Amino acid sequence: MFAKSVLDNGIRIVTHDMPDNRSVSVGIWVENGSRHESASENGISHFIEHLLFKGTGRRTAAQIAEEMDAVGGVINAFTSKENTCYYAKVLDENLPLAIDLLSDIFLHSSFDAEEIERERSVILQEISQAEDTPDDYVHDLFNLDFFRNHPIGWPICGRQETVNAFRRHDIVDFFKSRYRPERVVVAAAGNIRHAVLVEEMATRFGSSNSSVSSPLPSIAGETAPEMGSGVYPHAKALEQVHLCLGMAGIHQTHPKRYVGYVLNTLLGGGMSSRLFQEIREKRGKAYSVYSFSSSYKDVGYFGVYAGTNLESTEEVVELITAELKKLAGGAISDAELQRTLGQLVGSTMLGLESTDSWMSHIARNEIYFGESITTDEICRRIRAVSRDDVIELAGDLFQLDHMTLTLLGDFTDGFQIKNLKTSQ
């Protein structure tokens, strides 16, 4: 059962009661991510996420970890393009500890200068590690190529020069200006009583000042980005070429979002998908190939990843574009569509079997829709997608002269891909 309350200062509290579960997952979500940073601030949201686990007035970093480990729970966080989340998962009997730990780090982190320096080194290692993982790194490069100079395309971890430049006052000022009550959602799922959580949060967070009288600083990333097109080779000594071919997609609340989920699953969402069958199974040109989509509040993209050898790169790109053309041209059977609908319904329901997945689900629904969306509604909307819906959206999206191709590999200066425009 879903419930929602709003504290006087604007903090939203949403819960999903799952009385048959022994676990509870609680998350504090902030509507702030890497797209809300200026060029000189790139990576500061992620830096803050790390620092909130480095000690408070009551606990050292070690004590935060020890208290959670002592009850077999998990406490962690993540930063995305538009949100940051701090969460804990524990047995229902340990919910008071989870609430106390999360509220302590969120409200009373000390931002100790020595801890900042230690964590700066950790994050620089994280950036280097990402660059040494080419199948992940190519996605970062694709974002930069696709979104041009917009903050939504910048790496969440930041860049070495920005991370090295942050000082304690920069971090504290950013934290105070962005971690505001009206941008906070507390979400919980599991064996929990809504009224109890509201009371606890009102006691701990109710005194946080509402900032209605203090306008949010101007954020360049709040404007919708322009999306680029062209071919962008990035040279790196690798055994394989890693590529992302992408195009404009649909935003989070788009009326055709369920059609988009079906299209993505049909094209490259599993072992029976078109891309996997054609490129890996039939031709053996890639070990890993899949499609992906990312949706934000005002924009989205749809893309394909593949890893192949240099000699097969152009053929793989041609195979991908051929499948896109087939879909846009209507080459979809009813049997294929029904199989895809069943796959998507099943994977969606299986993905919501845990309390932490439900916690994320209701939080994102609150942030983007302002309401809860039931699983019955999700399944109904998926099953309502028709063959004509998929063909129409594929025709709208799959325009070869509006695509971005990012390649990462050991290229020569004369490397080219035919039939796609070269970047300017």
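We did not get these values from a lab; they are worked out from the coordinates using the rules stated. All values reported here derive from a predicted model rather than from experimental measurement. Cβ sites come from the backbone with ideal geometry, for glycine too, and all protein chains shown count toward neighbours.
Between K326 and F78, how high is the FRET efficiency from 1/(1 + (r/R0)^6) when r is the Cβ-Cβ distance and R₀ = 45 Å? Nearest 0.05.
Working: r = 37 Å, r/R0 = 0.81.
Result of the calculation: an efficiency of 0.80.
Using +1 on the beta carbon of Lys and Arg, -1 on that of Asp and Glu, and nothing else charged, what's the dipole of the chain about the Cα centre, debye to 20?
Working: 40 positive and 59 negative charges, 150 e Å.
In total the dipole reaches around 720 debye.
Residue separation times 0.36 nm, minus the C-alpha to C-alpha distance between D401 and E66: what's the value? Before the final figure, lay out each step's value.
Working: separation 335, 0.36 × 335 = 120.60 nm, distance 5.47 nm.
Full extension from D401 to E66 adds 115.1 nm.
Compute the Cα gyration tensor for the range 328-414, then decide on rounded, prolate or oblate, letting a ≥ b ≥ c be the square roots of its eigenvalues: rounded whenever a/c is under 1.5, prolate when a/b is larger than b/c in the other cases, and oblate in all that remain.
oblate
Rounded if a/c is under 1.5, else prolate if a/b is larger than b/c, else oblate: which is the range 70-172, with a ≥ b ≥ c the root eigenvalues of its Cα gyration tensor? List each step's numbers first, then the result.
Values: a/c = 2.20, a/b = 1.60, b/c = 1.38.
Because a/c hits 1.5 or more and a/b exceeds b/c, the range 70-172 counts as prolate.
Less than 9 Å Cβ to Cβ from L267, Lys/Arg counted +1 and Asp/Glu -1: what total charge do the surrounding residues give? Don't skip to the end; give the middle numbers.
Numbers: positive: R274; negative: E323.
Its environment carries a net charge of 0.
Cα centroid distance between the range 186-207 and the range 70-139, in Å?
21 Å
Residues with beta-carbon under 9 Å from that of H251, excluding H251: net charge, scoring Lys, Arg +1 and Asp, Glu -1? Walk me through the intermediate numbers first.
On the way: positive: R257, K297; negative: D298.
Summing Lys and Arg as +1 and Asp and Glu as -1 gives +1.
Can you list the residues, at least 5 places off or on another chain, whose amide H is less than 5 Å from the amide H of G230, using H built in the peptide plane?
M403, T404, L405
Rounded if a/c is under 1.5, else prolate if a/b beats b/c, else oblate: with a ≥ b ≥ c from the C-alpha gyration tensor eigenvalues square-rooted, which is the range 277-339? It would help to have the intermediate numbers written out before the result.
Values: a/c = 1.95, a/b = 1.20, b/c = 1.63.
Since a/c reaches 1.5 but b/c is at least a/b, the shape of the range 277-339 is classed as oblate.
If I fit a long axis through the Cα atoms of helix 334-350 and take the longest principal axis of the Cα atoms of the chain, what angle between them do I get, 0 to 90°, rounded to 10?
So the inclination is approximately 20 degrees.
How far is it, in nm, from the label point at E314 to the one at T375 when both lie 7 Å from their Cα along the line to the Cβ?
Here the modelled spin labels are 5.0 nm apart.
Only one of the values (i) 38, 27, 19; (ii) 34, 28, 20; (iii) 36, 23, 20 was calculated from this structure for semi-axes √(5λ) of the Cα gyration tensor in Å; name its label.
Given (i) 38, 27, 19; (ii) 34, 28, 20; (iii) 36, 23, 20, the structure-derived one carries the label (i).
Suppose R0 equals 22 Å; then what is the FRET efficiency for S110 and R167 from their Cβ-Cβ distance, rounded to the nearest 0.05? Can you show the working numbers first?
On the way: r = 16 Å, r/R0 = 0.71.
After rounding, the FRET efficiency stands at 0.90.
If contacts are Cα pairs under 8 angstrom and at least 6 residues apart, what is the relative contact order of the chain in percent? Walk me through the numbers on the way to the answer.
Values: 775 pairs, mean separation 96.4, N = 424.
Answer for the chain is 23 percent.
Taking a threshold of 28 Å on the Cα-Cα distance, which of the pairs K81/K325; K256/K285; K285/K325; K54/K236; K4/K89; K4/K81 fall above it?
On the way: K81/K325 31 Å; K256/K285 33 Å; K285/K325 20 Å; K54/K236 36 Å; K4/K89 20 Å; K4/K81 25 Å.
Over 28 Å apart, Cα to Cα: K81/K325; K256/K285; K54/K236.
Answer with one residue from I105, I13, I116: the one whose Cα lies farthest towards the positive end of the charge dipole of the range 1-127, charges on Cβ with Lys, Arg +1 and Asp, Glu -1.
I13
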